[in-house]
Amino acid sequence: MTNKHHGGCLCGAVRFTVSGTLRGVIHCHCGQCLKTHGHVAAYTNAPREALRFSREDGLRWFASSERARRGFCGECGASLFYEPHDSGALSIAAGMFDQPNCLRSMGHIYVDHKSDYYEIADGLPQFGDSSEGQLEGGVFLKSAIHSQA
Ligand SMILES: [Zn+2]
């Protein structure tokens, strides 16, 4: 059985489908994500080959560091993707997925870098920097296996 998850940006110039199981949502409080999204970033993640575009004429990429690029819509400005160059997977902003969806939040990373204007009070696990794979690793591997079934 194949799960298909549909999503896209505010204006529709970027539309995509992800096949398989999506990882739980991780909230990233790093400075780059705050600047890109205007607030905390909430990302799910999927293998790159699980993503198919039905529209990508709006899609633009910004090299946000030497390690990764960020995908956004050049028409409406939506911040959609975070893609490390070396991982074979990419993070997809959770708010881009059509409702209803199966996404659930599972934790917070880079909380030592968060801005001063908000508190984290949802009781989910928090990590000062990266979770060193404690949040991502196991769940992502399970997802990858599922998507090949
Ligand atoms: Zn758009």
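Kindly evaluate Ser64 against the criterion of being among the polar types (S, T, N, Q) and within 16 Å of the ligand (Cβ to nearest atom).
No; evaluated as a whole, the condition is false for this residue.
Would you mind stating whether Ser65 is out of contact with any strand residue (DSSP E or B) (no Cβ under 8 Å at 6 or more places or on another chain) and surrounded by fewer than 17 Cβ atoms within 10 Å (Cβ to Cβ)?
yes
Quick check on Leu103: is it surrounded by 13 or more Cβ atoms within 10 Å (Cβ to Cβ), within 16 Å of the ligand (Cβ to nearest atom) and either under 13 Å from the mean Cα position of the chain (by Cα) or assigned to a strand (DSSP E or B) (or both)?
Here the answer is no, as Leu103 does not meet what is asked.
Out of the stretch 6-39, which residues are of a type in the set (A, V, I, L, M, F, W, C), more than 16 Å from the ligand (Cβ to nearest atom) and farther than 18 Å from Ala68 by Cα?
Hits for the stretch 6-39 are Val18, Leu22, Val25.
Name every residue in the stretch 80-100 that is part of a strand (DSSP E or B) and in contact with a Pro (Cβ under 9 Å, 6 or more places away or on another chain), in order of residue number.
Across the stretch 80-100, the qualifying residues are Ala89, Leu90, Ser91.
Would you kindly identify the strands (runs of 3 or more DSSP E) lying entirely within the stretch 1-49 that contain at least 3 residues that are over 28 Å from Asp129 (Cα atoms)?
Details: elements: 4-8, 15-19, 25-28, 41-47.
It comes to 4-8, 15-19.
Within the group Ala13, Ala78, which residue is within 14 Å of the chain's Cα centre (by Cα) and in contact (Cβ under 8 Å) with a residue 12 or more places away in the chain?
Numbers: Ala13 fails: within 14 Å of the chain's Cα centre (by Cα).
Ala78 is the lone residue from the list that is within 14 Å of the chain's Cα centre (by Cα) and in contact (Cβ under 8 Å) with a residue 12 or more places away in the chain.
Here, each number is a calculation from the coordinates, and none is a lab measurement. All values derive from a computational prediction rather than experimental measurement. We place every Cβ from the backbone using ideal geometry, glycine too, and count neighbours over all the protein chains shown.
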